[in-house]
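Report on the structure given below.
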Amino acid sequence: MAKQHGVEVIDSPVSGGHERAVEGALVLMVGTEEKVFKENEPLLKAMGKHIYYTGGVGKGQTVKTINQILVGAYQVAAAEALVTAKKLGMDLKVLHEIISNSLGDSAIWRMFGSRMISRDFEPKGAINTMSKDMRSIMETAIQLGTPRS
């Protein structure tokens, strides 16, 4: 409908949270026609550090959904790893440094692991955003029939 009125649509979810938004360092996952992407790339660069063309409208949200599957899994894994380590008597700060330099490392581990260890539970983002993303993941999985029972 928008196209009939000469309006182009850009689907561009972001990743990076509030802190990266303030810094202008978000990751943008842009779904639109390639021509529209190229025409608007300078504007998009004003909002983010890493701008990715993902294909047509809807593909940006597809990439965001896949990213959030991993973010959620990594957050749970980091919390479980730290609880296990604590119960086993590990020095959590030493463990964090070791994992940060090992194959188990991730941006989530570095960002949230250190906050968990220092018991910094000050919200850095809205739970509504993660809830929305998790609902989107579940709705997509149901539509795709994954996993199949």
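The values are calculated or read from the model by the stated rules, or taken from the named source; none is laboratory data. Fair warning: this is a prediction, and the values are worked out from it, not measured in the lab. Methodologically, a virtual Cβ is constructed for each residue, glycine included, from the backbone with ideal geometry; neighbour enumeration extends over all protein chains shown.
If I go through segment 100-149 residue by residue, how many of them are closer than 17 Å to Val71 by Cα, of a type in the set (Val, Ile, Thr) and surrounded by 15 or more Cβ atoms within 10 Å (Cβ to Cβ)?
Matching residues across segment 100-149 total 3.
Restricting attention to segment 25-53, which residues are β-branched (Val, Ile, Thr) and within 15 Å of the chain's Cα centre (by Cα)?
Of everything in segment 25-53, those that are β-branched (Val, Ile, Thr) and within 15 Å of the chain's Cα centre (by Cα) turn out to be Val27, Val30, Ile51.
Taking the stated definitions as given, is Gly72 within 21 Å of Ala141 (Cα to Cα), of a type outside the set (Asp, Glu) and in contact with a helix residue (DSSP H, G or I) (Cβ under 9 Å, 6 or more places away or on another chain)?
yes
Filter segment 47-63 for residues that are at pLDDT 95 or above and under 13 Å from Ser15 (Cβ atoms); which is surrounded by the fewest Cβ atoms within 10 Å (Cβ to Cβ)?
Only one residue tops the list, namely His50.
Return the residue satisfying two criteria in turn: it lies in segment 1-41 and is in contact (Cβ under 8 Å) with a residue 40 or more places away in the chain and not aliphatic (A, V, I, L, M), and of such residues it is surrounded by the most Cβ atoms within 10 Å (Cβ to Cβ).
Here the answer is Ser12.
Considering only segment 113-128, state which residues are in a helix (DSSP H, G or I), modelled with pLDDT of 90 or more and not small (Gly, Ala, Ser).
Arg115, Met116, Ile117
Might you check whether a residue that is buried (at least 16 other Cβ atoms within 10 Å of the Cβ) and within 23 Å of Leu26 (Cβ to Cβ) occurs anywhere in segment 75-97?
Yes, segment 75-97 contains at least one residue that is buried (at least 16 other Cβ atoms within 10 Å of the Cβ) and within 23 Å of Leu26 (Cβ to Cβ).
Residues Ile99, Ile142, Ile117: which one is out of contact with any helix residue (DSSP H, G or I) (no Cβ under 9 Å at 6 or more places or on another chain) and aliphatic (A, V, I, L, M)?
Ile142
Picking from Ser131, Ser136, which residue would you name as being hydroxyl-bearing (Ser, Thr, Tyr), farther than 30 Å from Glu34 by Cα and outside any loop (DSSP other than H, G, I, E, B)?
One residue alone meets the criteria, Ser131.
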